[in-house]
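Remarks on the structure that follows.
The values are calculated or read from the model by the stated rules, or taken from the named source; none is laboratory data. A quick note: this is a predicted structure, and the numbers were derived from the prediction, not measured. Every residue, glycine as well, gets a Cβ built from its backbone with ideal geometry; the counts of neighbours run over all protein chains shown.
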Amino acid sequence: DAGITQSPRHKVTETGTPVTLRCHQTENHRYMYWYRQDPGHGLRLIHYSYGVKDTDKGEVSDGYSVSRSKTEDFLLTLESATSSQTSVYFCAIRTAGGGDTQYFGPGTRLTVL
Amino acid sequence: GIQVEQSPPDLILQEGANSTLRCNFSDSVNNLQWFHQNPWGQLINLFYIPSGTKQNGRLSATTVATERYSLLYISSSQTTDSGVYFCAVGTSGTYKYIFGTGTRLKVLA
């Protein structure tokens, strides 16, 4: 599982509140990703990071911000949660060498009421 | 941007049957991966296969990059193969990945 944990695993919040999801890895991988998974859409990239303080937008980045102040942690923030952000959020790391592959965390189920 | 289509969207098999899942992509790629999402939601990397053929037990995959498709073969299917299978592609010059919408497989005992 490449030592990836996500917290919290489940969260229920109300519209308009800020929410921060955390992804933590233990193997010092440079690249980290945040995806959301919704029925009918597969996984869609929100943001990714290619190093400490280096981030870039994915295809569904509106309403989300990220931060990476140290290699092991990648935070996803919903500044003001909306019901359309109800989803399952997955964090992933990318390994290099021997195959460019992604490994995923267990996911966070977020419900915005 | 690049489009990724998977077929069929749904598949039901009897245990022991074989199946072929397809992933078509609309542009050149330098990265292609297959994933299995089990019924508990866990995503598991199956293959990194930007070109050529690989095999791992009952599963094998082939990517024909020049024709922009990849195939995942499951032989002698088992109930534990149930879940959703995704392909994801990446293109040169970026470390972003685009996922297909998946094939949902159900294997009946």
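If B:S60 passes every condition in (1) small (G, A, S); (2) buried (at least 19 other Cβ atoms within 10 Å of the Cβ); (3) in contact with a Phe, Trp or Tyr (Cβ under 8 Å, 6 or more places away or on another chain) but one, which one does it miss?
(2)
Is there any pair linking a residue in the stretch B:23-51 that is at the interface with chain A (Cβ under 9 Å from one of its Cβ atoms) to one that is in a loop (DSSP other than H, G, I, E, B) and surrounded by fewer than 13 Cβ atoms within 10 Å (Cβ to Cβ), with Cβ under 6 Å and at least six apart or on different chains, and which?
Final answer for the pair search is B:N30/B:S92.
When the stretch A:27-42 is examined, which residues are found to be part of a loop (DSSP other than H, G, I, E, B) and facing chain B (nearest Cβ under 10 Å)? Reasoning before the result, please.
Taking the stretch A:27-42 first, the residues part of a loop (DSSP other than H, G, I, E, B) are A:27-30, A:39-41.
Within the stretch A:27-42, A:R30, A:P39, A:G40, A:H41 meet the criteria.
Of everything in the stretch B:100-109 that's within 24 Å of A:R36 (Cβ to Cβ) and either away from chain A (no Cβ under 14 Å) or not basic (K, R) (or both), which residue is surrounded by the fewest Cβ atoms within 10 Å (Cβ to Cβ)? Outline the logic, then answer.
Kept after step one, since they are within 24 Å of A:R36 (Cβ to Cβ), are these residues of the stretch B:100-109: B:100-105.
If we keep only those that are either away from chain A (no Cβ under 14 Å) or not basic (K, R) (or both) too, we end up with B:100-103, B:105.
Working: B:G100: 26, B:T101: 18, B:G102: 23, B:T103: 21, B:L105: 20.
Filtering the stretch B:100-109 for residues that are within 24 Å of A:R36 (Cβ to Cβ) and either away from chain A (no Cβ under 14 Å) or not basic (K, R) (or both), the one surrounded by the fewest Cβ atoms within 10 Å (Cβ to Cβ) comes out as B:T101.
Specify which of the listed residues (B:D10, B:D81) is under 30 Å from A:G3 (Cβ atoms), modelled with pLDDT of 95 or more and of a type in the set (D, E, K, R).
Unique residue meeting the criteria: B:D81.
Give the stretch B:70-99 a look and list any residue that's within 24 Å of B:A17 (Cα to Cα) and either buried (at least 17 other Cβ atoms within 10 Å of the Cβ) or within 13 Å of chain A (Cβ to nearest Cβ) (or both), or say none. Show your work before the answer.
Restricting attention to the stretch B:70-99, the residues satisfying the condition of being within 24 Å of B:A17 (Cα to Cα) are B:70-87.
Listed by number, the residues that qualify are B:S70, B:L71, B:L72, B:I74, B:S77, B:D81, B:S82, B:G83, B:V84, B:Y85, B:F86, B:C87.
Can you name the strands (runs of 3 or more DSSP E) wholly within the stretch A:43-113 that have at least 2 residues being within 14 Å of chain B (Cβ to nearest Cβ) and exposed (fewer than 15 other Cβ atoms within 10 Å of the Cβ)?
Values: elements: A:54-57, A:64-70, A:73-78, A:87-95, A:101-104, A:108-112.
It comes to A:54-57.
Working only within the stretch A:38-78, note down all residues that are closer than 20 Å to A:E27 by Cβ, touching a residue at least 40 places away in the same chain (Cβ under 8 Å) and either touching a Phe, Trp or Tyr at 6+ places or on another chain (Cβ under 8 Å) or among the polar types (S, T, N, Q) (or both).
Matches in the stretch A:38-78: A:T71, A:F74, A:L76.
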